[in-house]
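Structure first, then comments.
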Amino acid sequence: MHTHAAEATFTGLGVCCAVGNTVLHTLLVPDHLEEMFYIGVLFAVGSAVMLAVAAGLVVMKRPLAAWLTGTLVSLGMILGFALSRTVGLPAGYYEPGWESPYGPLSLLVEGLFVLAFLAWLGVRIAHGARPGLPYRSHREPVSAGADFSRR
């Protein structure tokens, strides 16, 4: 697979996972706002961020910031899911079971997003591309004491 095709494939998978994550958590917001308000707020914020991540992956020329944001949010959601079913979360929030189909589907899209990022990054690194953060416009360096009158 050529570099561009591989990057496009993994980016497309990342976008699909981010949108899937957004849909799944948005569906859960109303119930969680009633059950434990802060969990509902976290779901709403996570959904909004993942929607922005999906958009960023589509429109950014250098999408590393979108990938990193989506990966951190996905890992945070996986951790929150695990903690809420084991030791519990603040204010006594504890969820028994997997909450099918939302729990397994959420874990699937979150895990796939992280794997898609790692694959995208691996392709970039393997082909010598620098996966840097978005950059500012190029500026000519100016040395101290430069004479601007001749420009």
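Results, tabulated for the structure shown:
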item	result
Residues listed by number, the stretch 1-30, amide nitrogen under 20 Å from residue 119 label point at 7 Å toward C-beta	1-22
Probe 1.4 Å, all protein chains present, accessible-area order of 127, 2, 25, largest first	2, 127, 25
Size of electric dipole in the stretch 1-129: Cβ of Lys, Arg +1 and of Asp, Glu -1, about Cα centre, debye, nearest 20	580 debye
In sequence order, calculated HN-Hα J values of the stretch 24-40 (Karplus, 6.51, -1.76, 1.60; Hz; x Gly/Pro)	4, 6, 5, 4, 8, 4, x, 5, 6, 5, 6, 6, 8, 3, 5, 5, x
Residue order for 99, 35, 110, 7 - accessible surface, 1.4 angstrom probe, largest first	35, 99, 7, 110
Within the accessible area of the stretch 1-142 (1.4 Å probe), percent carbon and sulfur	71 percent
FRET E, pair residue 98, residue 55, Förster distance 22 Å, beta-carbon r, rounded to 0.05	0.15
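The values are calculated or read from the model by the stated rules, or taken from the named source; none is laboratory data. What you see is a predicted model, and the numbers here were worked out from it, not measured in a lab. With ideal geometry, Cβ positions are generated from the backbone for all residues, glycine too; neighbour counts draw on all protein chains shown. Note: areas computed on protein heavy atoms with side chains; ligands, DNA, RNA excluded. Shrake-Rupley method; radii C 1.70, N 1.55, O 1.52, S 1.80 Å.
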